[in-house]
Amino acid sequence: MPETIRVYGYHGTNTEVATTIIQQGFNVSSNDYDWLGTGVYFFQDAPVRAWEWAKQQHPANPAVIRSTIRLEDCIDLLDISWFPLIRNVYNLFVEEYRQGNRPLPRQNPERSKAHRLDCACFNYIVEVLGQQGQIPRAIRAVFVEGEPVYPNSAIFDRAHVQIAIREVSLIEESRLVRLE
C-alpha cells in the first residue's frame, strides 16, 4: 500500500450528532447498503457537497464536520492498480455465494441509494486482504452521481471523491465548519 496521504474529509450530519462527534469521536457505520463497506464516510475536499447532503438528510439542523484524515493502508480506487485485485476477489466472492446457493446482494442505487452488492463485496475484499496480512483501514473512490453538467457530458454535477474510514484512529482532527 502506498505512502501516507493526508486529506480533508467533510462529514454531513445534524448539529446534535456533530456536537457528540466533536466531543467523543466518530462511530463506524456498518449498514449493509454503504457503498464502500463498513466505515465513517467523508466527502473528500467537498464541503459544499457535504453541506448539501446534510441539508437533504437533516433539513431542520444540518451540520458539517471537517476532519483531517490519514489515508494509511488505503484501498485507493483513484489508483487503477487496485482493479485487477478487486476483479479477482469479486470472482471469489461470487463463487462463495454460488457454492452456498445464495443470491448475490442487490444494488438499487437509483431508487434508494442502496449499494448492497458493493458493500458486501468491499467488506469481503477487506476480509481476504486481512487473511493475507494486509488490513485496509480506508477505502477511497470516485462516486458519480447527479446529472451531466451539459448534454452528453461525462462530467456529473454531484460527482465527488468519497472515503470510508474503517479505523477511526486515521481521523486526526475534527471541527465543525459553517457553510450557510
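Just one of the numbered conditions (1) of a type in the set (S, T, Y); (2) surrounded by fewer than 23 Cβ atoms within 10 Å (Cβ to Cβ); (3) touching a strand residue (DSSP E or B) at 6+ places or on another chain (Cβ under 6 Å); (4) not in a loop (DSSP other than H, G, I, E, B) is not true of Y10: (2). Just to check your reading of the model, which residue among V40, V17, V48 is surrounded by 22 or more Cβ atoms within 10 Å (Cβ to Cβ) and not in a loop (DSSP other than H, G, I, E, B)? Just one listed residue meets the conditions, V40.
Evaluate region 96-116: report whether one residue or more is under 21 Å from L179 (Cα atoms), open to solvent by 90 Å² or more (accessible area, probe 1.4 Å) and either part of a loop (DSSP other than H, G, I, E, B) or modelled with pLDDT of 95 or more (or both). There is no residue in region 96-116 that is under 21 Å from L179 (Cα atoms), open to solvent by 90 Å² or more (accessible area, probe 1.4 Å) and either part of a loop (DSSP other than H, G, I, E, B) or modelled with pLDDT of 95 or more (or both).
For region 141-152, the count of residues that are modelled with pLDDT of 95 or more, open to solvent by less than 70 Å² (accessible area, probe 1.4 Å) and over 13 Å from the mean Cα position of the chain (by Cα) is at least one.
Here S67 clears all of (1) assigned to a strand (DSSP E or B); (2) open to solvent by 50 Å² or more (accessible area, probe 1.4 Å); (3) touching a Phe, Trp or Tyr at 6+ places or on another chain (Cβ under 7 Å) except the condition numbered (2).
The values are calculated or read from the model by the stated rules, or taken from the named source; none is laboratory data. This one's a predicted model, so the numbers in the text were calculated from it and none came from an experiment. Quick reminder, even Gly has a Cβ in these numbers, built from the backbone with ideal geometry, and neighbours come from all protein chains shown. The accessibility values were calculated without ligands, DNA or RNA, using every heavy atom of the protein model including side chains. Shrake-Rupley method; radii C 1.70, N 1.55, O 1.52, S 1.80 Å.
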